[in-house]
Amino acid sequence: MKRRWRFWFVLSVLLLTGISPGWAQDTRPNIVMIIADDIGYEDIGVYGNTQVKTPIIDRFAAEGLRFTNFYLTTSSCSPSRCSMISGRYPHNTGAAELHTTLPESITIFPELLKEAGYFTGQAGKWHMGPAPRRGFDVIYDKGPTMGDGGEDSWVPLLEERPKDKPFFLWLASLDAHRPWGTNSFSGTHTPESVQVPPFLADEMPTKTDLARYYDEISRFDFFIGEVEAELDRQGVLENTIILVLSDNGRPFPRSKTRLIDSGIKSPLIVKWPEGISKAGSISESMLSSIDLAPTFLELAGLIPPDSFQGKSFRAVLENPGLPFRKFVFAEHNWHDHEAHARMVRTKNYLYIKNNRPGFSNPGPADSNASEAFADLKRVRDEGSLNPAQADVFAAPRPAEEFYLVEEDEYQILNRATLGDGTGMLDYLRAILEKWSEETDDTVPSDLTEDWYDKETGKALDIERTRGQMPGGPDALTTTNKGPF
């Protein structure tokens with residue numbers, strides 16, 4: 001009954017907007033969303049990284065629109081993707097923890113596009129469970145079809161699409177998720193040329209680790225170019241919106257699973273020859289990843305449902321200088337280890353409330369088994385950690401963190417205990433509390449416990465059971481968006 005109602009709703013909207021239900025001469029734009037796996041905002045050339053080689057993405061930015069304030073709702077793979085596809089915060093999806101699946105009851109935007117006459121296809125990493133598969137006509141998510149980097153089926157999917165429909169494609173790489181795999185770009189980046197951020201150890205194993213990570217980013221970049229070339233060959237490039245983004249920060253200590261910028265800030269490049277009037281535009285407007293779903297529907301001429309907690313930034317694509325959000329929110333729940341933290345960010349300030357301050361947060365299990373983490377442990381054992389490196393091992397952690405971002409690029413100086421004469425700390429505390437209340441967030445006492453050893457990244461010899469995920473009794477049905 002729910003799907004039948006949705007069909008007639010979509011059909012009525014199309015008729016009111018003058019779009020033929022027969023899809024004759026359909027001029028609605030095609031949409032291609034290309035999502036990286038574990039690539040940080042700071043690891044793309046056009047965002048200031050002079051070491052990594054990303055010529056295709058950099059050119060997209062020069063020909064399209066680059067966002068400098070796009071934030072994810074969590075720095076964790078599957079919850080981030082489930083949040084994007086549903087336009088909802090993780091604790092409002094029923095899939096707030098890593099490896100949990102989106103419930104059948106949650107509305108997803110590809111299904112609405114499909115019902116409205118779009119061909120919908122997915123190729124590459126999935127990681128959202130069985131229910132969202134209903135939104136796609138074709139899915140290529142099996143190992144042999146994906147290839148080592150997850151990109152092998154991107155162009156074939158484009159080649160086989162029906163040519164009489166507009167299309168939406170969710171192209172998801174495995175690059176640059178650990179472990180580093182077979183890669184024709186291996187050796188593109190040399191360890192000797194790598195500059196190490198202050199929160200990692202300036203040691204050769206770490207440099208080698210980063211160089212191999214950059215090699216996988218270059219492979220991701222290459223396949224974006226292959227998709228563009230195929231769109232051009234088919235004569236549909238001009239009316240196709242291509243978005244390039246990531247699901248969370250880099251898989252290194254003090255990045256992935258963190259709520260500071262190295263974890264939740266993502267690149268977002270939009271190329272749309274017919275729709276972006278000024279090439280090389282830069283937008284400082286604050287966006288959240290929950291804003292993608294309503295934007296895609298509005299671009300397709302549809303009205304986003306009330307269940308989406310995000311809002312469309314269609315107007316920002318036309319006018320990049322428009323203000324959009326005053327606040328963005330993010331959360332950290334179980335990802336290999338017990339956790340519960342919440343964040344609110346403005347352009348200049350970042351506030352985090354940690355509801356499990358007794359626990360350290362070095363990163364996820366794959367990062368804790370890395371050479372970069374091994375180097376940090378050696379420096380720790382030598383007693384030579386700087387404050388940024390020591391933060392990786394800190395336990396207990398601060399219950400509150402407060403950063404002046406414009407003066408603190410890596411969010412190293414926690415001002416929560418220094419006194420704040422501006423009143424901004426109290427203000428953001430109140431804003432975060434209001435958001436938590438309005439979106440029915442909770443802090444269960446029986447959260448999922450650690451499944452991996454934080455020192456080694458190895459699985460613990462325990463029975464793997466899940467506790468209670470955050471989100472109150474109305475979390476799955478709330479339409480509250482929280483304060484903007």
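The values are calculated or read from the model by the stated rules, or taken from the named source; none is laboratory data. Note that this is a predicted model, so its numbers are computed, not measured. When we count neighbours, we look across all protein chains shown, and the Cβ atoms used for this are built from the backbone with ideal geometry, even at glycine. Keep in mind that these areas ignore ligands, DNA and RNA; they rest on the heavy atoms of the full protein, side chains included. Shrake-Rupley method; radii C 1.70, N 1.55, O 1.52, S 1.80 Å.
Some points to look at:
- Shown for the chain: the carbon plus sulfur share of the solvent-accessible area, taken with all protein chains present and a 1.4 angstrom probe, equals 53%.
- With the convex hull drawn around the C-alpha atoms of region 37-184, the volume per residue stands at 138 Å³.
- Paramagnetic reach from ARG464 in region 56-84 [backbone N under 17 Å; point 7 Å along Cα→Cβ]: 77-79
- Of the peptides 215-224, 358-367, the order by per-residue mean of other Cβ atoms within 10 Å, starting with the highest, comes out as 215-224, 358-367.
- Virtual spin-label span in nm between ASN319 and ALA390, 7 Å along Cα→Cβ: 5.0 nm
- Distance (nanometres) between label positions extended 7 Å along Cα→Cβ at ARG134 and THR477: 1.8 nm
- A dipole drawn for region 308-445 from +1 and -1 charges on Cβ atoms has a positive end, and of ALA315, ILE431, GLY421 the residue lying farthest that way is ALA315.
- Test item: Cα-centred dipole of the chain, Lys/Arg +1 and Asp/Glu -1 on Cβ, debye: 1220 debye
- Potential extension, ARG233-THR182 segment - 0.36 nm per residue separation minus Cα distance: 15.5 nm
- Three principal axis extents of region 220-316 based on alpha-carbon atoms, in descending order, are 43, 37, 23 Å.
- FRET efficiency, 1/(1 + (r/R0)^6) with R0 41 Å, evaluated for ARG380 and SER105 via beta carbons: 0.35
- Size descriptor, Kirkwood hydrodynamic radius, that averages inverse alpha-carbon separations across region 297-351, Å: 14.1 Å
- With the charge dipole of region 377-481 set up from +1 on Lys and Arg Cβ and -1 on Asp and Glu Cβ about the Cα centre, the Cα lying farthest toward the positive end among the listed residues VAL392, LEU447, ALA459 is that of ALA459.
- Averaged per residue, the chain has 37 square angstrom of accessible surface, using a 1.4 angstrom probe with ligands and nucleic acids left out.
- Stretchable slack from PHE484 to THR442, in nm (0.36 nm times residue separation minus alpha-carbon distance): 13.1 nm
- Divide the volume of the convex hull around the Cα atoms of region 337-435 by the residue count and you get 119 Å³ per residue.
- Count of lysine pairs in region 171-315 with Cα separation under 22 Å (8 or more residues apart, or interchain): 4
- Region 169-227 versus region 114-147: alpha-carbon centroid distance in Å: 26 Å
- Taking the charge dipole of the chain about its Cα centre, with +1 at Lys and Arg Cβ atoms and -1 at Asp and Glu Cβ atoms, the residue from VAL46, SER289, ASN368 reaching farthest to the positive side is SER289.
- Computed Kirkwood radius, in angstrom, where 1/r is averaged over Cα pairs of the chain: 22.8 Å
- About the centre of its Cα atoms, region 134-260 shows a dipole size close to 540 debye [charges on the beta carbon of Lys, Arg (+1) and Asp, Glu (-1) only; nearest 20 debye].
- Region 116-185: equivalent-ellipsoid semi-axes (sqrt of 5 x gyration tensor eigenvalues, Cα, Å): 24, 14, 8
- For region 209-269, size of Cβ-based charge dipole, Lys and Arg +1, Asp and Glu -1, in debye: 500 debye
- Interchain or long-range residues, amide H under 5 Å from LEU268's placed H: PHE67
- Extension gain, GLU455 to ASP202: 0.36 nm times the residue separation minus the Cα-Cα distance gives 89.1 nm.
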